[in-house]
Each structure stands twice: as structure tokens, then as C-alpha cells.
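A single structure is presented below for examination.
The values are calculated or read from the model by the stated rules, or taken from the named source; none is laboratory data. Predicted model only: the values in this text are computed from it and were never measured. Every residue, glycine as well, gets a Cβ built from its backbone with ideal geometry; the counts of neighbours run over all protein chains shown. Side chains are part of the model used for accessible areas, which takes the heavy atoms of the whole protein and leaves out ligands, DNA and RNA. Shrake-Rupley method; radii C 1.70, N 1.55, O 1.52, S 1.80 Å.
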Amino acid sequence: MFERILIDSLIRSMQVGSLYALMALGITLTMSVLKLPNFAHAEFVTVGAYTALIVSRNVSTNPIIILGLSAIVASVVALVSHITVFRPFEKQKSSIYIMLLASFAVGLIIRYVLFLTADTFDLFDQRIQVPLEIWYRTDNFILSNVFFWVVPTSIVLVIALSLLLNATPLGREMRALADNFDLARVIGIPVERVKWLTWLLVGALAGISGALWGIQTSVSPLMGWVVILSVFAAAILGGLSSFPGTILGAYVVAFSENTIMQVLNFQFGLSFSFKPAIPFIIIVIVLLIRPEGFTQFFKSNRSLKR
Amino acid sequence: MAKRLSLLISLLLLIMIALPVQGQDDVETYVLGVAQPFTGPLGSFGTDFTRGIELAVMQMNAELEASGVNIRFEVASADTEGTPDGAARAVQTIVQTTGAEVIVGPLTTSEVLGAKQFADENGVVIVAPASSGIPGAIPGDNIFRVMYPPDNFAALAFAEIARSRGYENIAILHVDDPFGNGLAERFTIDFQAAGGGEVTTIAYSPEPPDLSGEATALSADVAQLSGSGNTAVFCICFLADAQKLLQVAQIDPILTTVEWMGVENLVSPDLLADAGHAQFLQSVNFISVSFTDTATPLTSPFIESFTAEYGDPPGPFTNYAFDAANIAMLTMLAAGNDGDAVTGMLPFVANHYIGTSVQAYLDDNGDQAIAFYGIFRVADDASSFIEIGTYNGSTGLLEMNE
Amino acid sequence: MNIDYVATTIAVLTFFGIWSLMAISLNIEYGVAGIPNFGKALFVSIGAYTTGVTYTRLLPILAGRDFIHPCGSTLADAIQLRSDIIRTMPVVAFVNFGITLVIAAVISGIIGFAFSYLVLRLKEEWFLALVLLVGGEIVRIFVRGYQPLICANNGISAVSQPFAFMGGRSASIAFLMLVLLIAFIAYVYSERLIRSPYGRLLKAIRENEDIARTLGKDVAKTKAQVMFIGSMIAAISGVLFAVNLGFVNTNDYVVTLTLDVWVMVVLGGLGNPKGALLGAFVIAVLDRLTAIAAIQMNMAGFNLEFNFVRFILFAVILLLMMRYRPQGILPEPNYTTEAHDNLTARTTGD
Amino acid sequence: MLELSKVSKDFDGLRAVSNVSLSVKQGEIVGLIGPNGSGKSTLLNVISGRFPVTAGRITFQEHDITPLSPDRIFHLGLGRGFQDPSLFYQMTVLDNTILPAKAQKGENPLFAPFKRFWRQEEHQLAERAYEILTQIDMGRLFGQLASELSGGQMKLLDIARSQMGNPQMLLLDEPTAGVAPPLAQSIFEHIANLRQNENMTFLIIEHRLDMLFNFVDRVYVMHMGELLAHDTPDEILENAEVREVYFGD
């Protein structure tokens, strides 16, 4: 029995972890390149999920189209929030706490616009119209089509992102920005353009993860908000700067929420109602004991240094 | 710039507040307060409830006009934000700015208790349509929980259903809130008193991002219980959570092999909107209880007029809000807009009221003491729920039609 | 249109008083000393949870009555007992309330103190914000799942304010006076603190703690003191919050509470206690005004959408304020001790 | 008075200061020179406790100050100034000056709200601060914000501020950097006065060697984190090794 639980929860950790990784990469990008702890990221995720819901009902149930449109809409929202809110605050050199509050406020606005939409068109707690199918089955476990979308999509996107960062001019410019903002400006990097592209990238990641998360669960205006702190835990495990660290962090958070929680429940009877505390405890422990997260494991890698 | 803008906004708000609401001269208007969560995780409930209440008010006003009675009702609704503190502020605001002394709402037991002190101290009557948590069962206060029976009746109903279907063990998954805990606890007692076997419970935290871990544990519980007899799953969860659970359960090798029961708010067309979920619920013989007791003559007219008015059929529990509003208005017609008088009069009116689900009868705590459930399963075409029996809470009689 | 202006004013002012305590505490911590306390909900909740515990345990002892378990099957009896004692034995209610305030303040102060030392290990300053933010959630999840404190997620009701025995409007006016008195004391305390050498020390630490340290100031100890003071005030507001509601439940002490307090302080003016008061007042009034507007609009036949627009409006006002008036409505004045004035008088007299 | 024995400091495995031993006697003014990046400022930061020591031992007036934090070291009477004047720019000149005064009763949060506990003390401190400011000809500026001062005034205030703590010894990091020559001269004269009148001891990092050498008793030369030479100013100028690394001869 225990064996089956273990395998099952490992698959869950894999699936949830891949999605956390997609969301956490966006947080790491905004944090390192744009120096913003962006809590509105939660709402970009929700925007992606709602786009997916609407597309799946009215346009197409083809996953590629759904993910593509979600990415586009969410990245537009991200860019608009940069232009209208975050850029002016950057310009007036607001403190990081003001930026943090601003990101909460942006999140609040988007969330309640979504609430308005959901209320008008009766879109609370809806399912994205993508049927679940069993694609692989053994005695011990079953893998669904969602698993085969989520995990490879995340892996492909993560690899693509690493390539983008390490092998393209844009990636070099982003890393330069992350490394030393003033220096980047001095040596002639088109800072504003790089920022725009970063925001588009962040939004696209959030949109795709939101669509996938919506396919896996259900869509409601608060869906991003309830996962955002878990995602922050993953990004913090990555030291808020390292891509491989963030990805590892995402799997660790998912692993603790699923497998470790499962073991604690099975062996010690710990109630699942304590589950939401797990990522929070990870955040506190990491920040207090090992604030650099997993960055050091990837020293040789060209991480986004802060 | 910002100063001017905030000034402008405040000015606009002031004008809006100061604008007098139109009313006929010779007609007396009673304001019926409605405090419901419109924002927050339970936001979708609030909207639906308020529609039910507004429908009741519209019908009542039409009747009053037709009969030439010079009293009209008006709805004043405020958002509780789903929290006790928000509920207190919402009730305060309604009472203090509209003169309402009777409030229909709030939704959950913790919201009701948040508004309780203010209501008790100021002679305001709270008629809560769907709160059923045991901590709200307090004698002698201004809180009435009409229509929706306390959880112990639902627990009995489910225990009876479980026994009649031959379940020997039950694996419960419940939300970790007063409703979920209370029902799970009572059910375990009742089920075992009725000769049931083992019961395992898994509590999940409210507003879960997903429920896959819990589903795995549930599946393990079922596997373990199945060793000692016929086992079923009992899901005490909110609709959105059920959707997340089903997403995992429908491909779980164990959860698909046993039968399922679920609480009332799962009897919703929204749960069947996903074809996979509907098919799953059908295959596991999903059974639940709900208000739509066809024996009550008021049920179908309510559903019809609601659908005609708003386009969609009423969601779970909306009928209770409709009934609660009617009881509140009838009492006000007798006692006037006076909280203390309404408090004294309301049990009498309620006890002589027949609603869309069942007659009301209040116990010493001001809570519904009659419970009459329809028992539902998924229809063969998996598009809706159909009634297959009834359970009478006062007699403990379970009748199955199939 | 039937507004009871007196009752509305009492209600708004009561919330103003309670919220202004939270704002004053954050203003001392962040506005003056620069400690980003994003754990306001945590410290407020400690006050509330303490209230839940003392009202169910201490109150019966003080009244010489038998303890009744507050949860489970004896719940109704326990509520009856609490209401009886508060209605019929006002002195006991007051003693219990006073002890609650002290216990809550001390516990919360100690936790704040401990946090500030824990936080010395943090690599970046804003991590403190995150640690406190999630610390509040950890405590909330624990209390919600742990029965013995406040009956887990059921919460504790009938934790009435001490003037409840008076009944009706006089009770709420008396309680309002008490709240405003406590808020006023906290305000005067913070105002005087800022105008003292201690305020100078805090400002120095806010501006450059490294330099302050090399000039002989024990920064860690000072920050711990500030956290102690701020957390005490926050816990006192938590006690008042709980007894004003008459109910203690974990659902109220979420991240949004912390954000609301931040909005008050940023709106009113960082570093200025008057700003904290003004911010709390603006939010209390705006909250009520928008709620009233929502009611009136939907009575006038509009839909319920204004309930959502309210939040959007809040966020937009906040953003506009931070953008166009980052120093707040009342900016921080240049505080000095009266030594300046004396010197000015003397040197101009020369 | 100040004794360093074999002090080293590493950053991420990089040795910034290596095996430095030096001593300063009561009443001396000692210079510490060396090319950019030779580890002078790091050494000062190590002495004043801002950076922990990697190896070695520092004593000040018989106290082992190696493990102490900057505030404890300041309390023992070892103050320091900064290369870029690090004033509290949002505070007035007077507040900047009073702040380092030790053991202020008004800095206790219990007494702070009640003026009667600290009014007397505060006035005395203000008088003393005013006196110190007058010494450097800044008395009339006491009410201005520190951010409104000129560069040279900031440097002066930086030194004057440390005086409030009654230090026996001051560590100064380029006290005349970015200051016009006449003012630089007066800064050094002020330092000399302080030695004479208050019997204060100085360890000074400086690039203006011409000026420095008129005032110091002895000079230590650092290069690549190590101590290269140590002598009187005149001898140092003759030292071939020093001339090579420092003047590029």
C-alpha cells in the first residue's frame, strides 16, 4: 500500500512541480532582471487560466491553441502593468516595499476585474473543456494526457528559456541587467526594450502555467492567489536568481507538499489541513538558514546573479 | 492630480449616498437587509443567494400590490467578504444606513457568528438561510437558522442512506471548517450507531489549490477499508473542491471501483458540466441529498420563475435563501420593521410556513428542526440529477423509489 | 434613505480607533525605524487568540465559576456562562479584559522581539517582510487546526466587550471611548517617542544602520525594542478587534489585513504618527462610504458589481497616491528635540 | 594603544588583507598609505569591527576587540570616519553631531516619551555639540539638514561627529578626499589640534601624501594586502621598495 502511495504521490509531485517551476521561473525573472517581488504574478496566472477557459469554450479545444492564446493574453496584461504601473514607480526610485505594495495593488485590480467578468458571465469554478484521458497504465499507477502535456511542456519551456538566456543576445542583455543595472545602461544595453521583452516572457510563462493549472484543477478568480506563496517558496529555494535552482526548488516544494505530506499523514496521522503551511515553513527555514537557496549547487552554471 | 482625483471620487460617493431613493408617498417601505459574500472564495454563492432573495421580494411585492396592501419590500445588500469581520461591518452598514432590522444572511457559520454580537446588542434579527454549523446552535439569541436543518440531520440522512445501500465502511474526505468537521463527526457517530463499521476521515484545508495529495490518501484509505467490507467514499466538500478532487479521482484505480456519496452542494449542474466528471459520478453510483423534493408544491414554481428571471436554474441552497426571505417578510408584515418584535414573532411565522423544500419548524436555538431530504443520483444521460427517494428527518424514514 | 448618523459614526470611529492602533504600530516600525513588518496580521491575531483563550479559561476562574469546555457538546453552555458573567459581573469582565490586554501585549511583544533577532540572519532586508508575512499564515493554519486554543476553525463567540453589561447604544459609546483613549495614548506615545533622542536613534538606523552601528549604537537591540513596542500595540489592537466583533476566528487574520494596514500608513504619510491616524481614518471612512454606496446603488436598481469595483477603487487610489504623492498625505516633518529651539533662541540672541 | 598581530581578511577565498601587524601608541598620528586596492580600507573596516577577522588578533587598550561588534568597539573609545562621508542626510547637523554621544538616557524607549528624564542631558549634549561645531566653524549651520552641506563640510562633520563619543582614538579613511586644498589643510590642522588638546590618537588613510607627511609621526605602507614598510615619513620617502610600488619609480 505504502509503495503505491509513494509512487502515486511522486507522479503528483512531478506534475505539480513542473507547473510550479513554470510559475516560479516568472517570479525569478522579475526578481532578478526587474528587481521586483511581483505578487501580481498570481493574477497573470489566473488571466491565463481564464483565457484558456474562454478559448476552450468558444474557439478550440486544441491544447496548442489554448496555451498559445493564454500566453499572448497574459503577456499583454503583464506588459500593460509594467507600462502603466511598474515603470513609473521604477523611475521615481520607489523602495522595494512600495513596489511590493504596488504589485499587490495591481493584483487586486486584475483579480476583481476577473471577479466582475466571472460574475457577469457566470464563470465561477468552471472546467476548461479539455477531456481527461488515460494514456499510460500499469498496475500501480495511471498517467493521464494532462501529465503528458504538463511535464514535457514545462521541460521544453525551461530548456528553451535556458537557451534564450545563455545563447541569444537578448539573454545576454537580460543577464547583464540582472547583474548590474547601472553598468548595463552605461555599456549601451537598450534597457527599456529588454524590460519589455522580459515582461512579455514572464507573462507568457504565467499564462501557459495558468492554462495548464486550470486544466488540472478548475478555474476561479482566486486560483492564482492560493498558489502564489507556494510558488514564491520555490523561487526562494532557487535563491531568487538561479534558473536551475528555481526548477529544483519547484520540485522540492511540490515534493514536500505531496510526497512528504503523504508520508507524514500515512505514518504519523498529520492532517492534510496543515498542508498549506508546508511551503511557508520552507520559506522561513530557507530564508533564515540558507538564504542563497540552491544557487551554490549551480555555481558553474551561468546563473542570473543578483 | 491624485488629490483632485480622490476628492472627485469622494464627492461622487457622497452624491450617490445623498441621492434619495424614489418611493411612492402613501406606501410604507420595509427594507430587507441581505448580507452575503460577493467577493472572496464563496463569491458565487452570494450572487445566487441574493437573486433568490430578490425573487422572493419581487413576488411578495406583486402580491401586496395586487391585494392593495400599502407595504412594499426593498432589498439592501452588502458584501461580507466571506470573513466574520466583514460580515459584522456589512450588517452594521445595512442596519445603520437603511434602517433595516432584519437581515437575511450571511452564508457560513463563522460569518453569522461575526455578526452575532452586533445583532444581539442592537435588536437586529439575523435570518441565516444556509448556516448549519454546530457552533451556531445558541439558544435565546437573535439568530434564526430557518429552513436549512443543522448538520446532525444531514448526518443521520447520510448514515441511513449508507446503511440502506449496504456500505460497511466509509472513507470521508471533508473540508476542514465548522461545516465539514461537524458533519463528519456526527456522521461517524450516527453511522456506527446504525451498525456501520469503520470510518476514516481526511480533512483538507479550505480553498485548496489542488486536491491530488488528498485524493491519493483517500484512495489508500479506501484500499485499506475495503479489506474488511463494502466501502464507500463520502465527500463533504464545496463544489470547486469537488471538481479538483474528481479530476484526480476519475483516473484513480481504486477510487473508481467504489461507490460515492456527496453533500448537498454537489447536486449542481455545474458539477456535470465536465463530461468526464459526469461519467465518473454516474459510474460510481454517486448519491446525494437535496432540497428538490417534488412532494412540495412550491418547488417547481420556484425553479421555473427563477430560471425565467435569471436565465439559469438556481444553484444549491438558493431555495433556502428564497424561503428565509419569505419568512422574514411575512414576519415583518405581522410585526413591522422592529427587530425585537420580529424576534418574538419569527418562530411562530416560521412554524406555519411551508417552503420550497419543506415546512419550517424551529427548535429552542432558533434552528430548523425539520429535515426532509430528497435523495438524488445522476440521471442516465448524465446531464442532470434526478430524485430517487426521500428521507424524513423527524421520523427517520428512508424511502427509495428504485 | 434612513441613515442613523450617530450609530454610523460610532461604528466608523470604533473601527478607526482599532485600525489606527495597527497603523501607529506599523508607523513606528516601518515609518520611523525602517523595519518592514509585513506580519501585522500575525501580531494582531496573537491579541485575538489570547482573547479567545482568556475569555474561556480565565473569565470563569475570576468569576469563581466552574470551567466549562468551550468547544464541542458543551459549547452552548460555555457561551451562556460567558454572557452571564459579562452581563452580571462587570468588575470581573473588566479585570479579565485588563489582564487579557496585558497578557496579549506581553506575548506578542516577546514574539516580535524574538523575530527581530531571528531576522538578523537574513541576507536581504526585504526577506524579513516575507518571513513575517508567511509567519502569520503559519500561525493561522496552526491555530485553525489545533483544537485546544480557540476551538480550531469553529472559533470562540461571545467574547463581549467589557461594557456590554450597559447594553444598547451606551455600551457601544463607552467602548468607543475606551478604544479612542487607548489609541490616543498610543498616538501620544509614538509622537513623543519620535521627538525624543530615541526617535533620532531610530531615524539614524532607518537611514543607515551600518553607520549607526559604527557610531556605537546597538542596532540589533534597538530594532528588537521597536518590534517589541510595535507588536505590543498590534496585539492590543487585536484584543480590541476581537471584543468589538465578539468573535475570534482565524478567517479574519489573513494577508489582506496586513496589506490594509500598509495602505493606511503609506496613504497617511510614512514616519508621521498623524499620518497613521489620518490613513486609518481615511480607510475607515472610505470602507464605510463605499459599502454604503454599494447598498444605495443596488437599491437604486444597479447590479451588485460595485462590490467588486470597491476593491478596484481602493487599489487605484493606492497606486495614484504612491505615484503622485509618495510621501503620503501628511509627509514626515523634520522632527527635532527641543534642544534645537533652545540653541536657535540662544544663537539668534547673541 | 592599538595593536594588530597577524591580521588577515578573506573575501570568498580572496585574501584582501594578509598577515598585517602594526601598533599605534597613545597620542600618535599614524598614516596608512598604499595604492588603490592595497587593502587599507578593508583593514580599517576590520579594525572597527564592520568585517569579521579571518585570522589574527586586534587589541585596543589591553582589550581584545577581535570578536566585538562595531558598537562595542566604539564604546571602548575607538571611533572612525568614512571615506565617502556617511552622514544621516535627512537629519540636521546638530542631530548628526549629538547622535554618537554615549549612554543617552533619552535613547531608552521607556524614558524617551517623558522629557523630564532627558531634557537636562539633551541640553548639555546640544551645548557640547554646538561647541564642537564652532571649533570647525560650523556652529551657525546646526539647524541645516546634513544633505545641504558642501563636500568639505560633510568631511568635517564626519570627524566632528565622532568626537561626541569622546573617543581616545579615531580611524580616518581619507579625511580630505575630494576637498579643495585650503580646506584639506584646515582639516589636518583640526586633527592636529585634537591631538594636542584632547590627547587623541589617529590612524589615517590618505592619498595626499604631501599634506599627510607634515602631520604624521609614522607611516605604514600597504601593498597587495600586505604590510610593505613602516617608518618615519622621511625614511619612507627614501625607501626604494615603497617608491617602486607607490610612485612607480
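What number comes out for accessible area per residue over the protein assembly as shown if the probe is 1.4 Å? Units Å², please.
Per residue, the protein assembly as shown has an accessible area of 35 Å².
Pairs of Cα atoms under 8 Å, at least six residues apart: use those to get the relative contact order of chain B, whole percent.
Contact order relative to length: 16 percent.
A follow-up question, please. What is the Å³ per residue value for the convex hull set by the Cα atoms of segment A:2-298?
Convex hull volume per residue, Cα atoms: 139 Å³.
Please list, in chain and number order, the residues 5+ apart from B:Tyr204 or on another chain whose amide H is under 5 Å from its amide H, with Hs placed from the backbone.
It is B:His174, B:Val175, B:Asp176, by chain and number.
When Cβ neighbours within 10 Å are restricted to other protein chains, what is their mean count per residue of peptide A:125-135?
5
As a test of the definition: with a 1.4 Å probe, what buried accessible area, both sides summed, do you compute for B against C, in Å² to the nearest 100?
That pair hides around 4600 Å² of surface in total.
Taking every eigenvalue of the Cα gyration tensor of segment D:165-221, multiplying by 5 and rooting it, what semi-axes result, largest first, whole Å?
Semi-axis lengths for segment D:165-221 are 18, 13, 11 Å.
In deg cm²/dmol, rounded to 500, what helix-only [θ] at 222 nm does chain C give when every DSSP H run of at least 4 residues adds -39500 (n - 2.57) and the total is split over its residues?
-24500 deg cm²/dmol
Let me ask another. With everything on Cα atoms, drop me the angle between helix B:151-164 and the longest principal axis of chain B, reported from 0 to 90° to the nearest 10.
30
Helix B:239-249 versus the longest principal axis of chain B: what is the Cα-based angle in degrees, 0 to 90, to the nearest 10?
20
Of the heavy-atom accessible surface of chain B (probe 1.4 angstrom), what whole percent is carbon and sulfur?
Of the solvent-accessible surface of chain B, carbon and sulfur hold 54 percent.
Per 10 Å bin, what is the whole-percent P(r) computed from every C-alpha pair distance within segment C:5-253?
The distribution over segment C:5-253 is 8, 30, 32, 20, 9, 2, 0, given as percents.
Can you list the residues of segment A:206-222 whose accessible area drops by at least 20 Å² going from the chain on its own to the full set of protein chains, with a 1.4 Å probe?
Flagged in segment A:206-222: A:Trp213, A:Gln216, A:Thr217, A:Ser218, A:Leu222.
If the limit is 27 Å between Cα atoms, which of C:Lys223/D:Lys115; D:Lys25/D:Lys155; A:Lys35/D:Lys9 go over it?
Among C:Lys223/D:Lys115; D:Lys25/D:Lys155; A:Lys35/D:Lys9, the Cα-Cα distance tops 27 Å for A:Lys35/D:Lys9.
I would also like to ask the following. Over 22 Å apart: what share of the alpha carbon pairs of segment D:39-172 falls there, rounded to a whole percent?
So the portion of pairs separated by more than 22 Å is 43 percent.
Still on this model: Using only the alpha-carbon atoms, how far is helix D:181-198 inclined from the longest principal axis of chain D? Give it as 0 to 90 degrees, nearest 10.
In chain D, helix D:181-198 runs at an angle near 80 degrees to the longest axis.
Here is a follow-up. With N set to the number of residues, divide the alpha-carbon radius of gyration of chain B by 2.2 N^0.38 Å and report two decimals.
Relative to the rule-of-thumb radius for its length, chain B sits at 1.03.
Another question, then. Would you mind calculating the relative contact order of chain D from Cα pairs under 8 angstrom and at least 6 residues apart, reporting the percent as a whole number?
Once divided by the residue count of chain D, the mean separation gives 28 percent.
Anything in chain C that counts as a DSSP H helix reaching 30 Å or more along its axis (C-alpha) with Kyte-Doolittle mean of at least -0.5? List them, would you?
Taking the DSSP H segments of chain C (at least 30 Å long, mean hydropathy at least -0.5), we get C:5-26, C:40-62, C:90-118, C:168-194, C:219-245, C:273-299.
What is the ratio of the Cα radius of gyration of the protein assembly as shown to 2.2 N^0.38 Å, with N the residue count, to two decimals?
It is 1.03.
Please average, across the residues of A:261-269, the number of beta carbons from any other chain that are within 10 Å of each residue's own beta carbon, and give a whole number.
Averaged over the peptide's residues, the number is 2.
Right, here's the next one. Return a whole-number percent for the relative contact order of chain C, with Cα pairs under 8 Å and 6 or more residues apart as the contact set.
Contact order relative to length: 32 percent.
In chain A, which helices (entire DSSP H runs) extend 20 Å or more along their own long axis, judged by Cα positions, while averaging at least 1.6 on the Kyte-Doolittle scale?
Once both thresholds are applied, what remains is A:63-81, A:96-121, A:145-167, A:223-237.
Quick one: which residues, 5 or more positions from C:Asn37 or on another chain, have an amide H under 5 Å from its amide H? H modelled 1.01 Å from N in the peptide plane, none for Pro or chain starts.
C:Tyr30
Counting only other chains, what is the mean number of Cβ atoms within 10 angstrom of the Cβ of each residue in peptide D:233-245?
Mean inter-chain Cβ contacts per residue within 10 Å come to 0.
Next question. Considering only protein heavy atoms and a probe of 1.4 Å, how much of the accessible area of segment A:2-298 is carbon and sulfur, as a whole percent?
Answer for segment A:2-298: carbon and sulfur cover 70 percent of the accessible area.
Moving to a separate point now. Please list, in chain and number order, the residues 5+ apart from B:Phe234 or on another chain whose amide H is under 5 Å from its amide H, with Hs placed from the backbone.
HN-HN under 5 Å from B:Phe234: B:Ala171, B:Ile172, B:Leu173, B:Met261.
While we're looking at this one, here's another question. Add -39500 (n - 2.57) for each DSSP H run of 4 or more in chain B, then divide by its residues: what number comes out at 222 nm, to the nearest 500 deg cm²/dmol?
Computed ellipticity for chain B at 222 nm equals -14500 deg cm²/dmol.
From the mean inverse distance of alpha carbon pairs (Kirkwood) and the Cα radius of gyration, derive Rg over Rh for segment A:177-242.
Using only Cα positions, Rg/Rh for segment A:177-242 is 1.11.
Pick from C:Val316, C:Val91, C:Val179 the residue whose mean-square fluctuation is largest in a GNM of chain C, springs joining Cα atoms under 10 Å.
C:Val316
Also, I was wondering about something else. Apply the Karplus parameterisation 6.51 cos²θ - 1.76 cosθ + 1.60, with θ equal to phi minus 60°, to every residue of segment B:205-210 and state each ³J(HN,Hα) to the nearest whole Hz, in sequence, with x for glycine and proline.
Listing the rounded values in order: 6, x, 6, x, x, 8 Hz.
Gaussian network model of chain B, Cα springs within a sub-10 Å range: biggest mean-square fluctuation belongs to which of B:Thr231, B:Thr108, B:Thr29?
B:Thr29
Which of A:Gln92, A:Gln126, A:Gln15 ends up with the largest GNM mean-square fluctuation for chain A, with Cα atoms connected below 10 Å?
A:Gln92
Using C-alpha positions alone, give me the convex hull volume of chain D per residue in cubic angstrom.
In chain D, the Cα hull volume divided by residue count equals 135 Å³.
To check my understanding: the extent here is largest minus smallest coordinate of the Cα atoms along each principal axis. What are those three numbers for segment A:144-290, in Å, largest first?
The principal-axis extents, from largest down, are 59, 39, 27 Å.
Could you order the peptides C:264-273, A:112-121 from most to least packed, using the average number of other C-beta atoms within 10 Å per residue?
So the peptides C:264-273, A:112-121, ranked by packing, come out C:264-273, A:112-121.
Could you list, by residue number, the cysteines of the protein assembly as shown that have no other cysteine's beta carbon within less than 4.7 Å of their beta carbon?
B:Cys235, B:Cys237
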